[in-house]
Number of protein chains: 4
Amino acid sequence: MIQFEYRTKVYYKDVDQMGIVYYARYYEYFEAARTELLKSLGIHVTVIENEGYLLPVITSHCDYKVGANFEDTLVVNTIIKDLPKSRLRIDYEVHRNNFDELLVSGYTMHAFTDKSGRAVKPPKQLMETLKQNL
Amino acid sequence: MIQFEYRTKVYYKDVDQMGIVYYARYYEYFEAARTELLKSLGIHVTVIENEGYLLPVITSHCDYKVGANFEDTLVVNTIIKDLPKSRLRIDYEVHRNNFDELLVSGYTMHAFTDKSGRAVKPPKQLMETLKQNL
Amino acid sequence: MIQFEYRTKVYYKDVDQMGIVYYARYYEYFEAARTELLKSLGIHVTVIENEGYLLPVITSHCDYKVGANFEDTLVVNTIIKDLPKSRLRIDYEVHRNNFDELLVSGYTMHAFTDKSGRAVKPPKQLMETLKQNL
Amino acid sequence: MIQFEYRTKVYYKDVDQMGIVYYARYYEYFEAARTELLKSLGIHVTVIENEGYLLPVITSHCDYKVGANFEDTLVVNTIIKDLPKSRLRIDYEVHRNNFDELLVSGYTMHAFTDKSGRAVKPPKQLMETLKQNL
């Protein structure tokens, strides 16, 4: 299992008139979280893209339990459990900093494509790095 | 079945450096689409909220098949299939205007709560309107 | 003077915990408004870009007088007053639909560049169309 | 002069199809930056709001010189130069981390109001803290 804790903070831009983080914003946190998970393994998305690979999202899912508020610091526990075959799954669990309570959980599924959008095999370096760390 | 076609257009703000709509943006389209579906039935979310009800999203899900591009006009076919008990499910199917191909499909699940976040029965007027139109 | 009325509607995604449209969102409305102004003259930004031109924003400015609320329909009066030399200025005035009161006003300034970011002369077709309509 | 360096990182969510940060996104960075500047002085916006004060933006302005790219780390130098009378002005200068080149500069002007939107005198604690640190 590969795990990374991404921290972010809630600002006005994120919060709706119910006073909680707008539901779509979590997907932006997830994107930052997985970019940082990969970076923690030495993989820069920019480099992968320069090598001609894209990892488009093919599924996104989120369950909302408790709303986060303005000026909350959030911890997004970001997890890869399995070596991808044709698809990479990443899981996310969002807590307030130093609190046990789960606010939100979700996942994203990613394909591997070339720049024209055709499915390709996962980039070798990514696969080897994942294998070493799982 | 209740059905509504919400139209929106893709601008620079929506599109990422792959040249396609950023995955989280579809949830913003979905929110506008369900607001307009309800309005087409004579239900204004603002009025529901003024009566003390909130309809927070408790689950969101999206499957991405084909990317939408800048200046595309999108049609979000928005569907309520079942009368809600404790939860309302809304389905969405996104096409380009005048094209058959399905780009994206998804759904949201909504709870009914009061302003303090406690689960309550669905607002009567909403239930009756849904019943009449299903 | 070239003028175009762009209509948009305020949804949850736009509104902050003060219950008014978040200040940065107006710039997204402005972007949609100027895209539609140009389209009303027969100019598609996508076509301009395919011909190798970009119109990056070099200045943006906004004055906020009255906050817009959820489910408001907004009219963005979008204006080009002068033929651009090296820069194109576009002005915006935001009202609620059917109300006189000015909510927000602003402007954007745009450069003309090629895809590598170098300043170029404005595209001919754009200049001629603006000249004919000013 | 009060000064604070806010750091943020550019993700896919921020970048448009020109491959640079979308112009409106800088205003989101500015909001986070000023929230952290105030926090560095011991002032939490949440506390100010709980005391009945709002600091709505009345003017926003931005000049764009060089585009920031995906995975850039940005430093937003955030500056208060003068003690506010009826309006607080905050200036922002955005650089890439460890690079001199100025990418973007801007400012925001803020009013002081109560929750109903009426202009009020600036909150005392905020004024004293600013006075001590200017």
Task: Mean residue ellipticity (222 nm) of chain A, computed from DSSP H runs ≥ 4 via -39,500 (n - 2.57), nearest 500 - done: -7000 deg cm²/dmol
TODO: Rounded, prolate or oblate: pick one for the protein assembly as shown, where a ≥ b ≥ c are the square roots of the eigenvalues of its C-alpha gyration tensor, a/c under 1.5 means rounded, and failing that, prolate if a/b is larger than b/c, else oblate.
DONE: rounded
Task: Amide H contacts of D:Y22 (H built 1.01 Å from N, under 5 Å, at least 5 apart or other chain) - done: D:V15, D:D16
Open item on the list: Connecting C-alpha atoms closer than 10 Å in a GNM of chain C, tell me which of C:E51, C:E93, C:E36 has the biggest fluctuation.
Closed with: C:E51
TODO: Note down the Stokes-Einstein diffusion coefficient of chain C in µm²/s, whole number, using a Kirkwood radius over alpha carbon pairs, 20 °C, and 1.002 mPa s.
DONE: 138 µm²/s
TODO: State which entries of A:K81/C:K115; A:K115/C:K131; C:K65/D:K131; A:K9/B:K131; B:K85/C:K65 exceed 32 angstrom in Cα-Cα distance in the structure shown.
DONE: A:K81/C:K115; A:K115/C:K131; A:K9/B:K131; B:K85/C:K65
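How big is the charge dipole of the protein assembly as shown about its Cα centre, in debye rounded to the nearest 20, if each Lys and Arg gets +1 on its Cβ and each Asp and Glu gets -1 on its Cβ?
0 debye
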TODO: For segment B:2-133, give the share of DSSP beta bridges that are antiparallel, in percent and rounded to the nearest 5; count only bridges with both residues there.
DONE: 100 percent
Task: Computed label-point distance, nm, for sites C:V66 and B:T73 using a 7 Å Cα→Cβ extension - done: 3.2 nm
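Using alpha-carbon pairs under 8 Å, 6+ residues apart, how would you state the relative contact order of segment B:2-133 in percent?
Relative contact order comes out at 29 percent.
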- [ ] Have a look at D:L83, D:T73, D:L38 and report the one farthest towards the positive end of the charge dipole of segment D:6-134, computed about the Cα centre with Cβ charges (Lys/Arg +1, Asp/Glu -1).
- [x] D:L83
TODO: Treat every Asp and Glu Cβ in segment A:39-108 as -1 and every Lys and Arg Cβ as +1, leave all other atoms uncharged, and give the resulting dipole magnitude about the Cα centre to the nearest 20 debye.
DONE: 300 debye
Task: Only Lys, Arg (+1) and Asp, Glu (-1) charged, at Cβ; segment B:2-133 dipole about Cα centre in debye - done: 560 debye
Task: Karplus-derived 3J(HN,Hα), 6.51/-1.76/1.60, for each residue of segment B:77-83, Hz, glycine and proline x - done: 6, 10, 9, 10, 9, 10, 5
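Looking only at trypsin sites (Lys or Arg not before Pro) in DSSP loops with at most 14 other Cβ atoms within 10 Å, what is the longest site-free stretch of chain A?
The longest uninterrupted stretch comes out as A:1-64.
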- [ ] Taking 7 Å along the Cα-to-C-beta vector as the label spot, tell me the A:E93-C:E93 distance in nanometres, rounded to one decimal.
- [x] 5.6 nm
Open item on the list: Take C:V120 and A:Q125, extend 7 Å from each Cα along the Cα→Cβ direction, and tell me the distance between the two endpoints in nm.
Closed with: 3.3 nm
Task: Cut-off under 5 Å, modelled amide H: who pairs with B:K9 long-range - done: B:L74
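Each reported figure results from applying straightforward, stated rules to the coordinates on display, with no laboratory input. Because the structure is predicted, anything quoted here is derived from the model rather than measured. We place every Cβ from the backbone using ideal geometry, glycine too, and count neighbours over all the protein chains shown.
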